[in-house]
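A short worksheet on the structure shown next.
The values are calculated or read from the model by the stated rules, or taken from the named source; none is laboratory data. If you're wondering where the values come from, they're calculated on a predicted model, not measured in any experiment. Here the Cβ is made from the backbone with ideal geometry for all residues, glycine too, and neighbour counts use every protein chain on show.
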Amino acid sequence: MSSTATKAPAKRGPAVREAIVDAAAALFAEHGIRAVSADRILVEAGFSKVTFYRHFPTKDDVVVAYLERELAYVRVLLAAGADADLSVDRIAAALTDQMCRPHFRGCPFINAAAEYPDPAHPVRALVAEFRALMTDAIEAWLRKAGLEPAPAISAAAQVMMLRDGALVAGYLDQDPDRVAAGLADAIRAIVDRRA
């Protein structure tokens, strides 16, 4: 008598695409984008080259999908906090939340911008979209906190720069709580100066 082993159904369509992006995201987060080859992604994801290239004609297409997913994640977070009455400490914590992710190597958008210097590349378009989205959200929060429109626009750009520096410090120093507290102090100083 013979028995047949039961196998899980093979992933198809969108599930395959997501599995490839999952593998790529983990590798990019741990090693950087340029350091990870398409071959390494497909080995990690467990698919053949044919399957990989059916979903992503180039590695850059995987990078774009990865950043689109990161951007979608940011949109969800911003939408969830849009109506909240957030303190400076909570804003700083939200801006530095990424530092608590496993294998944190800095902001995925800053890292991608560093690895894709061509401003016309689709990766850079996603970086610009992310930065505009974040700056607009920060400006909205500052206006809700009582700043007039012109000072809020200027302060939002400064807070975004501070956020960028905080994420770099978080990666280098490996102390997210201290970095978030420092960012909160800096944001408070900006807001108090303009209030």
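Quick look at the values:
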read-out: Subset of region 30-77 [aliphatic (A, V, I, L, M), under 17 Å from Pro122 (Cβ atoms) and surrounded by 15 or more Cβ atoms within 10 Å (Cβ to Cβ)]; value: Ile33, Ala38, Val62, Val63, Val64, Ala65, Leu67, Leu71
read-out: Which numbered condition Pro149 fails, given (1) in contact (Cβ under 8 Å) with a residue 60 or more places away in the chain; (2) over 17 Å from the mean Cα position of the chain (by Cα); value: (1)
read-out: Qualifying residue in region 97-110 (condition: buried (at least 17 other Cβ atoms within 10 Å of the Cβ), more than 23 Å from Ser154 (Cβ to Cβ) and at pLDDT 90 or above); value: yes
read-out: Flag if Leu126 is buried (at least 18 other Cβ atoms within 10 Å of the Cβ), in contact with an Asp or Glu (Cβ under 9 Å, 6 or more places away or on another chain) and in a loop (DSSP other than H, G, I, E, B); value: no
read-out: Matching residues, region 84-101, being in contact with a Lys or Arg (Cβ under 9 Å, 6 or more places away or on another chain) and either outside the structural domain of Glu139 (by TED's automatic domain parsing) or free of Cβ contacts under 8 Å to residues at least 40 places away in the same chain (or both); value: Ala84
read-out: Per-region count, region 54-84, residues not hydrophobic (A, V, I, L, M, F, W, C) and not in a helix (DSSP H, G or I); value: 3
read-out: In region 85-115, residue nearest to the chain's Cα centre (by Cα) [restricted to those that are hydrophobic (A, V, I, L, M, F, W, C) and in a loop (DSSP other than H, G, I, E, B)]; value: Cys107
